[in-house]
Structures are given as structure tokens and as C-alpha cells.
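Written out below as C-alpha cells is the structure these notes cover.
The values are calculated or read from the model by the stated rules, or taken from the named source; none is laboratory data. All figures in this text were calculated on a predicted structure; none of them were measured in a lab. Don't worry about glycine lacking a Cβ; one is built from the backbone with ideal geometry, like all the others, and counts go over all protein chains shown. Accessible surface areas use protein heavy atoms only, side chains included; no ligands, DNA or RNA. Shrake-Rupley method; radii C 1.70, N 1.55, O 1.52, S 1.80 Å.
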Amino acid sequence: MKTRRGFLTASSSLALLSFAESTPAFLMRAAAASAASNAGRVLVVVQLSGGNDGLNTIVPYRNEIYRRARPSLAIGADQVLKIDGELGFHPAMRGFADQLEQGRLSLIQGVGYANPNRSHFESMDIWHSARTNHSSRSLGWLGRMLDELPPDSGDAPALHFGDETQPLALATLRTPVSSVGSLERFRLDVGGRAALRRAIQESAESDRGSSNDLLSFVQASTINALAASERVDAAVKSYRAAVDYPKSGLAEKLQRIAQLIDAGFNTRIFYVSLDGFDTHATQAAAHAGLLEQLSGAVSAFLNDLHAHQHLDRVLLMAFSEFGRRVAENASQGTDHGAAAPMFVAGSRVRTGLIGHHPRLDDLDDGDPKFHTDFRRVYATILARWFQQPAGEILGQHYEPVDFLNSNIG
Amino acid sequence: MNSRFQEIDPSWAWRRYEPGPESPWNKRRAAHLFRRAGFGADAAALNEAISGSPGELIERLVVGVDAPDFTDQMNQMMRTLAAGNNPRNLASGWLYRMRYTPNPLHEKMTLFWHGHFATSGAKVEKAELLLNQNELLRRHAIGDFGQLVLAIARDPAMLLYLDSATNRKSHPNENFARELLELFCLGLGAYTERDIQELARCFTGWEVNQGEFRFNRFQADFGVKSIFGKRGNFTGEDGVRVVLEQPATSRFLVRKLLRFFVADGDFPDPLIEPLAAQFRADGLQLAGVIRTILGSELFYSDRVAGRKVRSPVEFGIGLLRGLDATVNLNMLAEELGALGQSLIFPPNVKGWDGGKSWINSATILGRGNLARRLVTNSETRFGGRKLPEYLAGQGVVEPEAGLNWLLEQFIAIPIPESSHARLLELAQRGDAWADVLHAMAVLPEFQLS
């Protein structure tokens, strides 16, 4: 073991190859096990699955068209948490309102893309791959960035927290990205039998040639998993939460992420999902619950990171695959729509509303029109937050959106 | 695209596999058939299989055997589980069926349809309706696809899951119509948004009343609809018929069946077309196409072995069936959920993606930990006995022969010599078969089928 670690430290550029399919197994292992540093910037993505109703998230509470289109679902001026004279948060979003006041929340309005697709899977794939062309969607926008990252990290460069299928956004050419349900699931249980652990480790590392790409993939994943098992064990020992997190699935995941960040885990991208936004029927209660969970969990997470002095290097981004129709349906719900707001949070964001609220008297087939392509937001994160070649990753140049402070470099 | 299949001559691929000196009908091939067409088999079943011909075995799998006692026992057990109205309990009951069924192919196809017509207890919540749907899928598992689609379109659990229950004349809800085209019958690109809107109108008034399908004529749109260039006062039944007449249906289904039975990834059109033509000629009857696939040269060739990732259910039930093991199935249901496959609770209407998406760090470690729990749990029995006694009863005593017996039983492709040597060292430690099984279950090769 020592010789492998030493070999890697002496020649850190080898980590670039860490999980290439042609890389010898012992190098994959060494790269995965090498020491972490904690200076890097982090992105936490919160995916709101199902299509979040943007209009009832940032509510145009004075708008007559909005009120008429939603006889049962419209939220009134007396209920919203006001942002300005026209717009307000859904009343369940106290946490977001607090973060806005503290200058840590950027609300990017009217985000979408041309010729919106209203299939969950298609639209989610478009957001994940940043490609509208169906044939070029095998890699994720974050996956493409992970393939560009400089060779200074031995930790898993990205982690997906959740038991659901790993999002396409994290699909890479080389590096299998890890998914974790709970931290316990990241520990190999060998019943204390050292010989068994060794046998498992060495059996995974045996050279297998490369004629079966599926086998190469599973082998790389296995080696990655065994290394991650050791790291997570070590990483979580020193952390205590500085704030009380609400009791929710999302809050629990974000707290675990805070734990890993605080422990110096050098993962650049953390990815979590909150599902249930596909509110076709009796939307009001379900949507309120989801928004409360989102805003409460994110708010606690930001406060915790701030108290642990990590917030300067963490950016959180929340998105959904589409918004919903302006008009409610006959089931007190809303159907699949298009443009919606995105959220970016952290201590380095330009706080407040970015861009104008989409007009409700000029709709696209019943939906608000987008004015900001979502890839402009991605481009901003890639280029300004991570200093990566956004144009190459996204396949073309997109004009950045001004939601980060000018002094972040 | 699976480039491996690009060069294959379709007439070779779908030709009937005849055992010969180059490709004998042996335990390895029989184990392959049982893994793909079912959930694996133990040594006794494999020995029985190779004493006959592959054709006989396939026929028995496709047609099924009469097992009235098992069927009665299952029906009673599932109704009892549903009565508690906790959909989670259905998963344990279904795992029991997969573990013990004498008709594994029917069960495998029931699982296929559960992923195809995915309906989740997270939204439907009523265990009885979910059980009814599960039985519907089993009834039609290897039957007439058209009848299955029509039945599922009127299935209360599906109506609730895709909001058809609130699909009204004044506000058509497009959810079911969209998925009928995108996920159930045609696939993306074979229809327009306009087709969806018109099709949704056909299903207006299809409701659920007290747990049963009801046609509510007051919410139904009797007007003229235009779908795929055809116009008429189409009803829901007409809508289904028009969709099924699209040639894309047969290709879409065959493609998915090939991914399910043969290999992960996509298949080139020339390989799809002969089976799609057979499927159409058979009037969308499933048995013929499945017979062709499971009896084909391609299916038994090296191009296919180890080219599918085992699903969590295949992993778990495969271990149990292979060792004639009995475990706590509630625990298993929960663990399989953590590995990404909660029966009765598919992740979304698209079902499980399968393939590489089953594999990540957490699921690799989880599979290993699950194998350990299954084989070391003090309640687990193997053929009614403890593991060493069971293995001794199978003639597994000597380390190397025992290891090879396990590998032949469970693993589709050869493992590297050095991995074999590591496992053999474990086996030689004495009283260590549980450790060997655990280490084997974490091998990259073990995750493949």
C-alpha cells in the first residue's frame, strides 16, 4: 500500500488517468485512495423532479391573469412572502425568504429553452445533457466537466446522494460517479475478517483485459466503491452540525454533504433530488410541503456551512425539468409546462431577482415563454465558478448570466 | 448503439440453436437460460435441464406448467397481504413467488411488464388495486399484447397513477395518452404532440369508481378526433387500436424484449426487423417472439454471455434459487429497494432503466453486504439446512471443486486466474464457504448475467 500511495504522490499527474478503462487496476485504486485537500470550490445541485410549478413558487401575486387562470390554486397578496411589489415567495418558503434577506440567494427568472419538450424524461435529459439534439445525449453537462477536471483529486470528484437512479447529468466518459443512499451504505461489511477484505480487494483488481466494456465498467465501479468505503469511514468522524436541520429527506442528505465538506472531502459536485413536483391533481398541499422541505433544508445547509466557514466555496443550484401550465386543470392541479425560475445560493451570489418575470399575456401554447436559456446558467457556473472551458463542455458559447459576485475570479 | 451487434447476420442470429460439439447443451448454457428467462436455478434443476433438450425446456417455460396448489397458496397469501393495505407488503409476497414459482418465465415477464407499465404504490397507495394490476400483468404475461394494453388502459391502478381518472371532456389530462405513445407502445419520435392531445380526448370519461373501472359518459368527449391521420368518433378502445396498428409498435416492443433477454444497450434495425415481422404476423402474440429469442443461436453465443447487468432482483433471487435458500423476504424486499429496485414502487413511469444504471459505489457495496447478510444470517436455510451441510449434500467439500461448482452455477463468464486464486485461498481456510460466497458476489463478473 505504501509504495502505491508514494508512487502516486510522486507523480500526481497519473491521477488524470484514474479511472480510464485502460488504466491498470492498481493505479485506479491508488488514485482513488490518495489524500484529499479541501481548498476547491464545490457545487451542490438540487434537482426538483417532476416539473416544479414556478408560478406558485415565485408568485406574481398582483397579476390578474394569474388569478383568473388559477381559481383554486392562486396565492394571494396577503399570503405570499413578498420579494417586491409584484412578486412574492410561496408562503411555505420562509427559509428562502430568510436567505434572500441575508444576501445569499439569487432568483433567476424565466429559464428554459427553445421548443420546450413536455415529456419528463426528454426534458430532464435535455437539462442533464445540455443538448437538445437527441443523438448527443450520452454524457451529462457535469460529467463532461468532470472529464475536464485537473488531476489533483483522489476523492470521488462527484457524489450522488440518493437511492434513485443516478442522474444523466453526472454521466462521464471515464469516471464512474458514486451514488450513496446513506453513509452506512458506503461501508463494506466483512464481519471483521481481514482475509476476506483482502480477497475482495485483490479479486476486484485482477487484470481483465478490455474486450467486454460492461465488465470494465463494473470493475472500475467496484474498485471505486472499495476505495470510497475507506474514505467515507475516515471523513465523517470530526463533524458536528452547527444548526438544527429540519426533519426531512432532503435536509438529511444536505447535512451529510455538509459533513463531508467539513471533513475535507475533496468532492467537487454533490447531487441530490427532491421528487414529487408532478402535481397534476390536488396540487396545493403537496406543493406547499415540497417547497417547505426545499427551502427549510437549503436554508439550514447554508447556515451550517456558514458557521463552519465553508460557504465561500460552496454554490448551490436548484432546477426542475420544466415549469407548469399557467392555467390549472380540472383536478386542482397543473399540467406540464415550460419556463420556470432557477435558484442559486451561497455567499458569493448576487442576491435578488435576476431577469424579469415571464409575461402572462404572451404565452407559448399556454406556458410562460423563457428568456434565459438554462445553458447560460450552466456556462456561468462552469466558466466563473469552476474556471472550466464552458463552450467546449456545452458544445457552443452561451452568454453568462450575472448572478455571481464580480470578485470571485 | 451496441456496435457488437452491428455486424451480425440476422438470419444466423435468429436461427434455431442446435446443440453440437462446438456448442453443447451443458450446465453453463442451461444456467444462462434460467438466468435470463427466470431467476436462476439450483444444481438439481440444471441437471434435469441438460438431461433433456433446450427446445423442450423452452417450451415448458413458455407454455408453463399447471401448479394449482402453488397458485392457490399464492392467491391466498397475496390477498391476505393486500388486506393490510400496505403496498410494501406486496413486494415481499411477490419475491416469495419469484423464489418458488414453477413458472419462472411467466414471473420474469410479469416483472418485465411491471417495469413497462410502471405503476407505483407511492401514488396509488391502495394495495388491492396494485395487486389486481400485478395479477393482470401475470395473466397476460406471455399472451396478446393488444389485449394487455387494453386491459392496462382500464386498470384502476394505472388510471389513478397517470391521472386518467381526472381526464375530463372540459380539461383533458394528457398524462396517460402521452405515456401510452412514448413508453408503452411506440417510443419517442413516432407521434406528434397533436396525436397526444387527440388521443387524450378518446380516454375522457374513463374513471375509477369504488376501485373499479367505470365509463362516465358525462365526462366523455364524443367528438371527432384525428390520430395518426385517421379521423373518427374514436372511443378509448378505438384509440388503443389505432396506436397498436402503427408499425412502430412491434419494433418498439421487440427492441425492449431484446434488451430484457439478450443484452443491455440497443440493437441495430436489421436484427430487430425479422422479430418485429414475426410479432406482427402473430397478431402481437408474445409467445412466438419469446420462443424465437430464447431458442436462437445468438442467445447461446459468447456475444451475449455477461452482456447484461444483473438487476437487484436477479441478484437476490438468483442467490436464493441457486442455493435453494430460505430467508426473511421482508428484509430482502427492503434491501433490494436500497439497491435501486423497489418492487411495486418503480422510480417513475418509465420503470427501471437497467443496465449500467444499476451499478454505482453504493449498490456495489450494498450487493456485497446483502450477500453477506443472506448467507450468514442465522435464520437462513439452504435446502432446509445450514450452508456447509447443504453444500456437502451437493458433493461440495473439497475447496477447488467446490469453488468451481459455485462459479459454474452463478457466473456467466470466466473470472481472471488471480481472482480465482484469491477465492481458492479463502475456500482453503476451512469453514469459509460463507466468505467465499460473499467474495464471489462482489466480483465484477457476478454483477453480469
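The angle separating the long axis of helix B:248-261 from the principal Cα axis of greatest extent in chain B is about 20 degrees.
Give me the net charge for the shell around B:Arg4: Cβ to Cβ below 10 angstrom, other residues only, Lys and Arg +1, Asp and Glu -1. All intermediate terms of the calculation are to be shown ahead of the outcome.
Values: positive: B:Arg303, B:Arg307; negative: A:Asp213, B:Glu7.
Summing Lys and Arg as +1 and Asp and Glu as -1 gives 0.
May I ask for the angle, rounded to the nearest 10°, between helix B:433-442 and the longest principal axis of chain B, with both axes built from Cα atoms and the value confined to 0 to 90°? In chain B, helix B:433-442 runs at an angle near 40 degrees to the longest axis.
Near the amide H of A:Ala171, within less than 5 Å, lie the amide hydrogens of A:Gly140, A:Gly143, all on another chain or at least 5 residues away, with H placed in the peptide plane. Entry note: the range B:6-46 has Rg to Rh equal to 1.07, where both radii use alpha-carbon atoms and Rh is the Kirkwood radius. May I ask you to derive the FRET efficiency for B:Ser226 and A:Asp78 from their Cβ-Cβ distance with R0 = 30 Å, giving the value to the nearest 0.05? For B:Ser226 and A:Asp78, the calculated efficiency is 0.05.
Would you mind working out the magnitude of the charge dipole of chain B relative to its Cα centre, with +1 at each Lys and Arg C-beta and -1 at each Asp and Glu C-beta, to the nearest 20 Debye? Provide the component values of the computation, followed by the final result.
Numbers: 51 positive and 52 negative charges, 158 e Å.
That gives chain B a dipole magnitude of about 760 debye.
Panel values: the range B:8-128, Kirkwood radius from alpha carbon pairs, Stokes-Einstein at 25 °C and 0.890 mPa s, translational diffusion coefficient 147 µm²/s. For A:Leu353, the residues whose modelled amide H falls within less than 5 Å of its own, excluding neighbours fewer than 5 places apart on the same chain, are A:Leu107.
For the range B:43-49, the Karplus equation 6.51 cos²θ - 1.76 cosθ + 1.60, evaluated at θ = phi - 60°, returns couplings of 4, 4, 5, 5, 5, 5, 4 Hz by residue, with Gly and Pro reported as x.
Which of the residue pairs B:Lys256/B:Lys308; A:Lys369/B:Lys230; A:Lys253/B:Lys123; B:Lys108/B:Lys350; A:Lys253/B:Lys350 have a Cα-Cα distance greater than 21 Å in the structure shown? Where the Cα-Cα span goes over 21 Å, the pairs concerned are A:Lys369/B:Lys230; A:Lys253/B:Lys123; A:Lys253/B:Lys350. Solvent-accessible surface of protein heavy atoms, probed at 1.4 angstrom with all chains present, puts A:Thr282, A:Thr172 in the order A:Thr282, A:Thr172, largest first. The solvent-accessible area of A:Phe322, taken with every protein chain present and a 1.4 Å probe, is close to 10 Å². For the range B:189-224, the residues whose amide N sits under 13 Å from a probe point set 7 Å from the Cα of B:Ser170 along the beta carbon direction are B:219-220.
Dividing the mean sequence gap of close Cα pairs (under 8 Å, 6+ apart) by how many residues chain A holds gives a relative contact order of 28 percent. Working from Cα pairs under 8 Å separated by at least six residues, relative contact order for the range B:312-447 is 28 percent. Values of log10 I(q)/I(0) for the range B:312-447 across q = 0.12 Å⁻¹ run -0.48, by the Debye formula with one identical scatterer at each alpha carbon and no solvent.
In square nanometres, what is one fourth of the surface area of the convex hull spanned by the alpha carbons of chain A?
Values: hull surface 82.5 nm².
So the mean shadow area of the Cα hull is 20.6 nm².
Most simply put, the protein assembly as shown has about 55% antiparallel DSSP beta bridges, counting only bridges with both residues inside it.
Pick from A:Asp163, A:Asp233, A:Asp189: which residue has the top mean-square fluctuation in a GNM of chain A where Cα pairs under 10 Å get a spring? With Cα springs under 10 Å in chain A, the top fluctuation among A:Asp163, A:Asp233, A:Asp189 is at A:Asp189. The label point for B:Gln147 and the one for B:Asp302, both projected 7 Å from the Cα toward the Cβ, are 4.4 nm apart. Only Cα pairs under 8 Å and 6+ residues apart enter the sum, and on that basis the relative contact order of chain B stands at 20 percent. Amide H contacts of B:Trp206: B:Asn216, each under 5 Å away and 5 or more positions distant or on a separate chain (H built 1.01 Å from N in the peptide plane; Pro and chain starts excluded). Coupling constants for the range A:81-86 follow from the phi torsions by the Karplus curve (6.51 cos²θ - 1.76 cosθ + 1.60, θ = phi - 60°), and in residue order they are 9, 5, 9, 8, x, 10 Hz; glycine and proline get x.
If the segment from B:Arg280 to B:Glu193 were pulled out straight at 0.36 nm per residue, it would be longer than the present Cα-Cα gap by 28.7 nm.
Between the range B:381-449 and the range A:337-409, what is the separation of their alpha carbon centroids in Å? Their Cα centres are 54 Å away from one another. Between helix B:269-281 and chain B there is an angle of about 60 degrees, using the helix long axis and the longest principal axis of the Cα atoms.
With charges only on Cβ, +1 for K and R and -1 for D and E, what is the dipole size of the range B:173-224 about its Cα centre, in debye, rounded to 20? Write out the running numbers ahead of the final one.
Values: 5 positive and 9 negative charges, 33 e Å.
That gives the range B:173-224 a dipole magnitude of about 160 debye.
Here the gap between B:Ala122 and B:Glu417, fully extended at 0.36 nm per residue and compared with their Cα-Cα distance, gives a gain of 101.6 nm. A crude spin-label estimate for the pair B:Asn233 and B:Asp9, with each label 7 Å from Cα along the Cβ direction, gives 5.6 nm.
Placing a pseudo-label 7 Å from each Cα along the Cα-to-Cβ vector at B:Glu398 and A:Glu252 gives an inter-label distance of 5.1 nm. Here's the picture: a label point sits 7 Å out from the Cα of B:Ala83 along the beta-carbon direction, and within the range B:109-125 nothing has its amide nitrogen under 17 Å of it.
Each 20 Å bin from 0 upward holds the following percent of the Cα-Cα pairs of chain B: 24, 55, 19, 2.
The fraction of Cα-Cα pairs per 10 angstrom bin, counted from 0 for the protein assembly as shown, comes to 2, 12, 21, 25, 21, 13, 5, 1, 0 percent, rounded to whole percents. Of the complete DSSP H runs in chain A, those spanning 24 angstrom or more by Cα along the long axis with a mean Kyte-Doolittle score not below -0.5 are A:213-235, A:283-307.
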